[in-house]
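All of the numbers you see were taken from the coordinates with simple rules; none came from a lab. None of the values given here were measured: they were computed from a predicted structure. Methodologically, a virtual Cβ is constructed for each residue, glycine included, from the backbone with ideal geometry; neighbour enumeration extends over all protein chains shown.
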Amino acid sequence: MLLSDVVVTLVALSTDGSTMSTVEVKLPEEQIGGLVTLKFWASGSHNEEYSLSTVIYEPHSMAVSSSYGGDFKIWVQSSPSSIDRQKDQTLQNGWKCQSVGSYKGKPMTAAAFSADGSVLAVAAETVVTLWDPDTNILVAVIGETVNVIL
């Protein structure tokens with residue numbers, strides 16, 4: 001495989017730079033095949049180089065990112081329209097932001113989907129908020145802790 005056969009479509013770094021995640025697409029050969037991988041990388045001792053720690057082949061079609069800036073984003077896979085694809089054969093599936101949520105301006109410190117993907121739990125500093133990921137509606141707020149939930 002040539003290096004140009006793989007396209008990195010998304011990169012994210014943790015706040016302290018110790019972890020990096022990438023979404024990579026292996027381009028199909030003659031319109032057959034193709035593969036999407038989600039990779040997690042751990043940094044070396046001085047954050048100068050990263051080593052691969054986890055590979056997830058064909059990740060789910062929805063992802064979430066959280067921010068100490070006070071919001072979270074729900075990302076969904078998207079694909080170019082058939083008209084755009086006819087004009088440019090190199091267009092590939094990507095990710096787009098479906099919705100943005102927040103809770104009382106608090107830092108959103110962690111996020112996870114339920115096993116079936118029907119509920120999104122997002123830590124808003126010291127409480128856990130539960131969301132419907134399809135409609136981005138707040139369903140419930142659970143508890144209050146003394147420490148920040150990470």
* **Inter-label distance for T9 and C97, nm, one decimal - labels placed 7 Å from Cα along Cα-to-Cβ** => 1.8 nm
* the stretch 93-131 residues near the modelled I142 label - backbone nitrogen below 13 Å, point 7 Å along Cα→Cβ -> 111-115, 119-124, 127-131
